[in-house]
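The values are calculated or read from the model by the stated rules, or taken from the named source; none is laboratory data. In this text the structure is predicted, and so the values were computed from the model without any measurement. Here the Cβ is made from the backbone with ideal geometry for all residues, glycine too, and neighbour counts use every protein chain on show.
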């Protein structure tokens with residue numbers, strides 16, 4: 001492609017709306033343009049990158065034996081009603097009605113559609129296992145679209161669903177997808193680490209997220225400094241700190257008129273946060289639930305929802321609900337005599353001695369409280385793990401970093417097949433529900449994540465496998481006939497070799513061309529200038545500081561060597 005014929009307009013200034021590097025650079029490099037909040041048009045340069053990532057995904061999926069097809073993005077509401085998710089999914093779903101007043105949605109995800117296809121097309125165990133996938137646009141009405149395509153309302157996703165006859169088969173399918181994802185992200189030049197994760201609204205048992213460390217990531221990811229343990233903070237198992245054993249003292253009520261927060265209580269009792277157990281009250285689908293954690297800990301709402309058997313809407317209780325449960329103002333809740341449907345007690349609290357809690361009486365707290373003697377509840381892990389805690393796997397120290405999810409794999413089991421009566425006939429002639437797996441990759445988010453990990457002050461630094469163009473040929477002076485002739489010859493020969501090459505034939509200063517090439521992240525640059533009189537041109541890698549002077553005859557072998565180093569073949 002020649003730049004003079006391309007629809008690409010680069011930008012010198014950083015757009016005011018763009019908060020993170022990938023968003024800024026995708027706009028500045030002319031990859032995309034905003035149409036509405038969270039909705040973007042992909043320009044030719046951006047679409048080329050998107051398609052290259054899709055091709056890598058498609059190749060690796062096909063290598064596992066998965067079959068590609070394409071489902072409709074518009075889904076009948078009755079499918080979601082069958083699974084029970086029509087009302088549960090929430091405001092993120094774009095819902096529409098047709099002229100006959102039938103409910104439809106623009107697909108935010110496609111579990112119901114794939115399950116429907118399986119129940120209609122797969123009748124016998126002899127047809128299993130099967131893994132179907134698609135690469136398609138999804139729609140989610142994000143409350144706050146931000147960071148460009150990192151959190152948008154329309155995005156490209158690869159979603160796959162496996163159907164097996166038993167758990168052993170699902171394990172095999174799941175592991176195939178895990179390994180394929182590792183290869184996909186490696187080929188894209190992306191450092192994405194698989195971490196244990198919660199299944200969330202998708203459901204199912206085991207799941208793993210492929211996370212990219214990012215300062216602007218929306219998830220906290222826990223990593224062990226000594227072993228390979230990694231987990232989303234929603235899933236990470238906390239290790240209770242062992243309290244020093246004490247003789248249990250008599251329970252006592254203390255008046256605390258001006259102290260209701262942990263900070264105020266620490267000053268009042270002249271002690272540390274570790275001597276308190278705070279009680280937080282939630283409304284879980286209409287039921288009132290109290291959760292106790294140590295004074296310096298944070299409640300993990302995902303763990304709470306899972307402990308309650310799956311909750312569609314978990315939110316902090318209202319002031320009126322708190323008063324009804326405690327007979328007190330906010331800030332004085334405690335476990336003794338509390339009026340709630342469920343009391344969840346973090347394991348750490350059960351191992352504390354003589355601690356302080358609210359007395360369910362405005363202006364009062366209890367001291368010398370002990371679990372088992374003074375109150376009881378459902379024990380479990382209900383808090384967030386913290387930096388420096390012990391790893392649940394090896395006992396080493398954990399660290400916490402921000403991360404962005406680019407892929408997620410689930411063992412769904414029979415969650416959808418049972419709800420939608422999706423069955424097959426097994427070897428014994430019995431009707432059994434499919435054992436399902438679900439595997440997603442955010443293609444557009446992967447593109448943005450690659451930029452987040454590969455850029456500098458001059459622009460994008462694309463890995464060769466996903467670059468929109470692999471080589472840029474730049475004649476320094478477009479008015480010089482000899483330079484243009486040599487540039488055309490190099491450009492033509494590289495095309496014959498199968499190189500995705502761009503030639504900047506614009507009547508612009510060389511500096512402008514160099515800046516645009518760097519901004520767009522082209523991995524190799526060949527500069528055709530005055531040295532052609534000596535049979536030489538300049539060769540520069542985007543991620544290298546130095547420029548090489550090489551013979552024109554050696555250009556093709558030099559380009560080939562770069563492809564070989566990246567394990568990519570040319571014609």
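At-a-glance table
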item: Residues of the stretch 393-403 classified as under 23 Å from the mean Cα position of the chain (by Cα) and either buried (at least 18 other Cβ atoms within 10 Å of the Cβ) or part of a loop (DSSP other than H, G, I, E, B) (or both), total; result: 2
item: Condition met for residue 281 (farther than 30 Å from residue 395 by Cβ, outside any loop (DSSP other than H, G, I, E, B) and out of contact with any strand residue (DSSP E or B) (no Cβ under 6 Å at 6 or more places or on another chain)); result: no
item: Matching residues, the stretch 64-86, being within 24 Å of the chain's Cα centre (by Cα), assigned to a loop (DSSP other than H, G, I, E, B) and over 15 Å from residue 120 (Cβ atoms); result: 64, 66, 70, 73, 85, 86
item: Residues of the stretch 539-558 satisfying the condition of being assigned to a strand (DSSP E or B) and under 19 Å from residue 464 (Cβ atoms); result: 539, 540, 541, 548, 550
item: Residue within the stretch 440-455 that is in contact (Cβ under 8 Å) with a residue 40 or more places away in the chain and at positive phi present; result: no
item: Failed criterion for residue 244 (all others in (1) over 34 Å from the mean Cα position of the chain (by Cα); (2) closer than 30 Å to residue 223 by Cβ; (3) at pLDDT 95 or above hold); result: (3)
item: Residue within the stretch 191-207 that is modelled with pLDDT of 90 or more, assigned by TED's automatic domain parsing to the domain that holds residue 142 and more than 15 Å from the chain's Cα centre (by Cα) present; result: no
item: Residue count, the stretch 17-41 (criterion: farther than 20 Å from residue 518 by Cα and buried (at least 19 other Cβ atoms within 10 Å of the Cβ)); result: 2
item: Among the candidates 330, 338, residue that is part of a loop (DSSP other than H, G, I, E, B), touching a helix residue (DSSP H, G or I) at 6+ places or on another chain (Cβ under 7 Å) and at pLDDT below 95; result: 330
item: Filtered residues of the stretch 225-246 (kept if in a strand (DSSP E or B) and either within 24 Å of residue 345 (Cβ to Cβ) or assigned by TED's automatic domain parsing to the domain that holds residue 365 (or both)); result: 231, 232
item: Residue among 311, 406 that is in contact with a helix residue (DSSP H, G or I) (Cβ under 7 Å, 6 or more places away or on another chain), closer than 30 Å to residue 218 by Cβ, touching a residue at least 12 places away in the same chain (Cβ under 8 Å) and assigned to a loop (DSSP other than H, G, I, E, B); result: 311
item: First in the stretch 414-435 and at positive phi and surrounded by fewer than 14 Cβ atoms within 10 Å (Cβ to Cβ), second anywhere and outside any loop (DSSP other than H, G, I, E, B) and modelled with pLDDT of 95 or more, Cβ under 7 Å, 6 or more apart; result: 421/119
item: Residues that are loosely packed, with under 15 Cβ neighbours inside 10 Å and assigned to a loop (DSSP other than H, G, I, E, B), drawn from the stretch 89-115; result: 90, 91, 92, 98, 99, 100, 101, 102
item: Subset of the stretch 498-528 (residues that are touching a strand residue (DSSP E or B) at 6+ places or on another chain (Cβ under 6 Å), farther than 22 Å from residue 22 by Cα and part of a loop (DSSP other than H, G, I, E, B)); result: 499, 504, 505
item: Residues of the stretch 334-358 classified as buried (at least 20 other Cβ atoms within 10 Å of the Cβ) and within 36 Å of the chain's Cα centre (by Cα), total; result: 6
item: Residue within the stretch 276-299 that is more than 32 Å from the chain's Cα centre (by Cα), on the phi < 0 side of the Ramachandran plot and at pLDDT 95 or above present; result: yes
item: Residue match in the stretch 411-422 (condition: more than 30 Å from the chain's Cα centre (by Cα), in the same structural domain as residue 215 (by TED's automatic domain parsing) and farther than 30 Å from residue 466 by Cα); result: yes
item: Residue within the stretch 135-153 that is assigned by TED's automatic domain parsing to the domain that holds residue 67, part of a strand (DSSP E or B), out of contact with any strand residue (DSSP E or B) (no Cβ under 7 Å at 6 or more places or on another chain) and farther than 19 Å from residue 415 by Cα present; result: yes
item: Search result, residues across the stretch 300-314 that are surrounded by fewer than 19 Cβ atoms within 10 Å (Cβ to Cβ) and modelled with pLDDT of 95 or more; result: none
item: Residue satisfying all of: in the stretch 247-263; outside any loop (DSSP other than H, G, I, E, B) and within 38 Å of the chain's Cα centre (by Cα); surrounded by the most Cβ atoms within 10 Å (Cβ to Cβ) among these; result: 262
item: Members of the stretch 284-308 found to be more than 30 Å from residue 267 (Cβ to Cβ) and either part of a loop (DSSP other than H, G, I, E, B) or not assigned by TED's automatic domain parsing to the domain that holds residue 331 (or both), listed by number; result: 285, 286, 308
item: Test set (1) surrounded by fewer than 19 Cβ atoms within 10 Å (Cβ to Cβ); (2) within 19 Å of the chain's Cα centre (by Cα); (3) at pLDDT 95 or above - residue 120 fails condition number; result: (2)
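This table checks each residue for (1) touching a helix residue (DSSP H, G or I) at 6+ places or on another chain (Cβ under 9 Å); (2) surrounded by 14 or more Cβ atoms within 10 Å (Cβ to Cβ); (3) at positive phi.
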residue: 476; (1), (2), (3): yes, yes, no
residue: 488; (1), (2), (3): no, yes, no
residue: 497; (1), (2), (3): yes, yes, no
residue: 501; (1), (2), (3): yes, yes, no
residue: 512; (1), (2), (3): no, no, no
residue: 525; (1), (2), (3): yes, yes, no
residue: 531; (1), (2), (3): no, yes, no
